1. Once R0 is set to 45 Å, what does the formula 1/(1 + (r/R0)^6) return for the Cβ-Cβ distance between Ile69 and Lys134, expressed as a FRET efficiency to the nearest 0.05?
2. Tally Lys/Arg at +1 and Asp/Glu at -1 over every other residue whose Cβ is under 10 Å from the Cβ of Gly277; what's the total?
3. May I ask you to compute the full-extension gain from Ala46 to Thr227, defined as 0.36 nm times their residue separation minus their alpha-carbon distance, rounded to one decimal in nm?
4. ³J(HN,Hα) across segment 87-104 via Karplus (A = 6.51, B = -1.76, C = 1.60, θ = phi - 60°), whole Hz, x for Gly/Pro?
5. For segment 250-266, what does the Karplus curve 6.51 cos²θ - 1.76 cosθ + 1.60, with θ = phi - 60°, yield as ³J(HN,Hα) per residue in whole Hz, taken in order and with x for Gly and Pro?
6. When Lys and Arg each count +1 and Asp and Glu each count -1, what net charge do the other residues less than 15 Å away from Asn313, Cβ to Cβ, add up to?
7. Cα gyration tensor of segment 291-340, axes a ≥ b ≥ c as square roots of the eigenvalues: rounded (a/c below 1.5), prolate (a/b > b/c) or oblate?
8. So what are the ³J(HN,Hα) numbers for segment 155-169, from phi and the Karplus equation (6.51, -1.76, 1.60; θ = phi - 60°), rounded to whole Hz, Gly and Pro as x?
Amino acid sequence: MYIIARMLLGFGIVFAIVSGSALIGELSYPKERPIMTSLFNSSWYAGSLIASGITVRTATINTDWGWRIPSLLQACPSLIQMLFIFFLPESPRYLISKDRRDEAFDVLVKYHAEGDRNSVFVCAELTQIETTIKLELESAKQSWMDMFRTPGMRRRTYLASAMGIFTQWSGNTLISYYLSKILAMIGYTDTYTKTMINLGNTAWSFITSTIIALVVARYKRRTMFLTCACSMLCVYIGWTISMQRAMLAYETNHPNKAAAITTLFFIYLYSPCYNIGNNALTYNRSRGIAVEQVFGRAANFFTTYVNPIGMTNVGWKYLIMYCVTICIEIVVVYFFYPETQGRTLEELAFRKCTALLPELPKPGWLFEEMFEDKELADKATIAVEKTIHFEAHDESIVEEVRVIGPNKDVEK
């Protein structure tokens, strides 16, 4: 029953994540977009915290309602979503793509200009979105095969798939689904104790993810991903060593309390390390989100059912596998992830992004442009410049428009 329910939930949640995260990104004010999209991921911990708190109480119920109550309550978020979805505005990008320009303008005025229909910022933003969508439609038919049409699109697809895998193969599923088993292996066998440890870890994860989401805009994206991967590797190395000591002591009936507490420390330390990159920076565009989710859910499915087999058969040695996968993650992030800090969604559609590490020897193709459609980018820039120069008459207005992106020509 639970396996079928999980399959149904897994099928439905992908639609919610793809549409919800894309809508947040497209409705958010450009300067606030990194924070808003990062808080979207942090909200997972809010729901998890509520669920953990409920199960703390229901675990003490000795009837079938002990599992029925938390199972039935899972319907509440979906019911709330169904009730309030009719009050949500439509995406301005979607409206423009359907030739509903006036409606898109009204949405941008309401959410980006506080009702000021004469805002130059909104005019420039609308022009940027409109021009970008027009160029996208002119340059190619909209199909899923577009993701493999050009070298730049293939690299985007590769990065989205790699990101989906890394978000699930960095060791997080081991804590999310099998923390109880891990705790039992190091001597914490009492159900209430394990439940409280899980509740504390969930609360800690919510706090750290929210703090990181609020400061994410201040730091470069590649730096955060590298910090995330390197810190997770350090945590897993320490966790592997401490868990080996704790398990050995517990199996010989000489519990090593210090090793068990150290293992708990690394389990708690893992959360902020993971949240630096994999929780705060993963969502941007709908098609990319879809690719990321396909690979992420596949990786999640694999680890969910392989983790218990590995932990049962090889114990603490299974953690070494995650040390290896995180090392691979560090290499991929270091050599292949582009820097996107300060870019708008429209700029990332065509923006030129050349070699990331010119001082290091590397294969020749890495010197090519990551996003190669420079001619289309120039056309989009010219269209926005015309709008700005036509509408803007003083420095304060130009300063307002400057938040659209780091394009130096636009800022002049």
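Values in this text are rule-based calculations from the coordinates and carry no lab data. Given the structure is predicted, the values throughout are model-derived calculations rather than measurements. Here the Cβ is made from the backbone with ideal geometry for all residues, glycine too, and neighbour counts use every protein chain on show.
1. For Ile69 and Lys134, the calculated efficiency is 0.30.
2. Neighbourhood net charge equals +1.
3. 62.7 nm
4. Whole-Hz 3J(HN,Hα) from phi for segment 87-104: 9, 7, x, 7, 5, x, 5, 5, 4, 5, 5, 9, 6, 10, 5, 4, 5, 5.
5. Using θ = phi - 60°, the values come out as 5, 5, 9, 6, 10, x, 9, 5, 5, 5, 5, 5, 4, 4, 4, 4, 5 Hz.
6. +1
7. The shape class here is oblate.
8. Using θ = phi - 60°, the values come out as 5, 4, 4, 4, 5, 5, 5, 5, 5, x, 5, 5, 5, 10, 9 Hz.
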